[in-house]
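Inspection log for the structure reproduced underneath, given as structure tokens.
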Amino acid sequence: MGLAAALLLLLLAAPAALAVQYTVGDSSGWTNTVNYQGWVQGKTFTVGDTLLFTYGGSHAVDEVSQSDYDNCNSGNALSTHSDGNTVITLSSSGSRYFICPTIGHCASGMKLAVNVVAAGGNSPSTPSGSPTTPRGSTPPPPPPPSGAPSIMNYGFMLAFWPVLGAVLAIMS
Ligand SMILES: [Cu+2]
């Protein structure tokens with residue numbers, strides 16, 4: 001009983017403790033040779049997770065609005081980082097947009113949009129009210145069905161209990 005309760009507590013507590021740090025571009029880092037639309041595919045960014053941008057002196061990280069992301073405009077950046085090792089905490093649900101302000105880099109693809117979902121796993125309500133799904137937010141495919149083994153077990157149980165009953169009846 002104590003062990004079961006402890007395991008249950010662990011299961012309940014674990015999701016909150018599992019904040020993930022994503023290194024943007026993985027080993028390539030934040031540079032102009034990575035397709036960041038491709039990099040976000042299949043990843044689920046949850047409130048509390050962090051993005052780590054690693055980059056050399058020719059790059060920087062500007063967080064921008066969606067329209068400035070679309071237009072590669074760094075003139076109204078919400079925040080600017082150029083330390084080469086920038087950690088951004090995804091502190092709320094919704095979309096976040098990052099571009100490199102170096103001339104030509106954003107236009108050549110050095111731009112990152114992430115959709116951050118609430119820790120409970122629910123999709124955030126879109127603040128703009130737009131019904132369109134943001135790019136890269138396609139949910140992952142469901143896990144493959146694992147029904148076969150349990151069906152086999154069920155069949156085994158169906159066969160097992162009458163046999164056991166017969167054996168016990170014979171023995172008594
Ligand atoms: Cu750059």
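Read-outs: derived from the displayed coordinates by stated rules, not from any lab. All values derive from a computational prediction rather than experimental measurement.
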So in region 20-117, what percent of DSSP beta bridges are antiparallel if you round to the nearest 5? 75 percent
Largest-first principal axis extents of the Cα set of region 20-117 (Å): 31, 28, 24
